[in-house]
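Everything on this sheet refers to the single structure shown next.
The values are calculated or read from the model by the stated rules, or taken from the named source; none is laboratory data. In this text, all values refer to a predicted model and were calculated from it rather than measured experimentally. In this analysis, Cβ positions are derived from the backbone assuming ideal geometry, glycine residues included, and neighbour counts consider all displayed protein chains.
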Amino acid sequence: MADDDRKLSYSERDRMRREGGPSGGRPKSGHARAVEEKRSHEALQVAGSLFTDAKGGQEGKALADAARAAHGSPELASACQAYLDGVGPPDGVDLASLFLDAGDKALAICALDEMLRWRTAGDFELEGGLLLQVRILSEDFDDDLASRAEELIE
């Protein structure tokens, strides 16, 4: 068996990685380093978009972050409305909870309808703090809101 055909040990691989690969530790030129950094940056952007494109891309992520940042402030309802207008109904339990906290009937109904859809699809189980929020809404004076919350609890 020739030396080129043998497998490298873990320590040899680590040494080669530290020294810059099979080139024997020669430093990369400025141009090669710039090209590598550009490719890495592009790959990170593509990878990032894979996880955010499903619900509004970068804009949707920014709107969701704005809603989370507004939690506990008077701007929560407007931040949730901006998310609803820009992206659509909440796409996760955390955003649905924010919509319920916003104190706006239309936002709460939107979140409850979305959670009902998730439950119908089998992707959702009401539990924890969200269950408490929905229970409180089920006792609301507004029949439309209370009936949706009761339906979700059943």
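The rows are residues; the columns are (1) more than 23 Å from Leu126 (Cα to Cα); (2) out of contact with any helix residue (DSSP H, G or I) (no Cβ under 8 Å at 6 or more places or on another chain); (3) among the charged types (D, E, K, R).
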residue: Ala70; (1), (2), (3): yes, no, no
residue: Ser78; (1), (2), (3): yes, yes, no
residue: Ala96; (1), (2), (3): no, no, no
residue: Asp101; (1), (2), (3): no, no, yes
residue: Leu107; (1), (2), (3): no, no, no
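When segment 114-154 is filtered for residues that are within 17 Å of Val93 (Cβ to Cβ) and assigned to a loop (DSSP other than H, G, I, E, B), the ones remaining, listed by number, are Gly122, Asp123, Phe124, Glu125, Leu126, Glu127. Take the conditions (1) surrounded by 10 or more Cβ atoms within 10 Å (Cβ to Cβ); (2) modelled with pLDDT of 75 or more; Lys55 misses just one of them, which is (2).
Yes or no: Ala149 surrounded by 15 or more Cβ atoms within 10 Å (Cβ to Cβ), over 24 Å from Gly57 (Cβ atoms), among the aliphatic types (A, V, I, L, M) and modelled with pLDDT of 85 or more? So Ala149 does not fit the description; no. Scanning segment 73-100 for residues that are within 18 Å of Leu116 (Cβ to Cβ) and among the small types (Gly, Ala, Ser) gives Gly88, Gly92, Ala96, Ser97. If only residues of segment 106-135 that are over 24 Å from Ser78 (Cα atoms) and surrounded by fewer than 12 Cβ atoms within 10 Å (Cβ to Cβ) are counted, the one that is farthest from the chain's Cα centre (by Cα) is Thr120.
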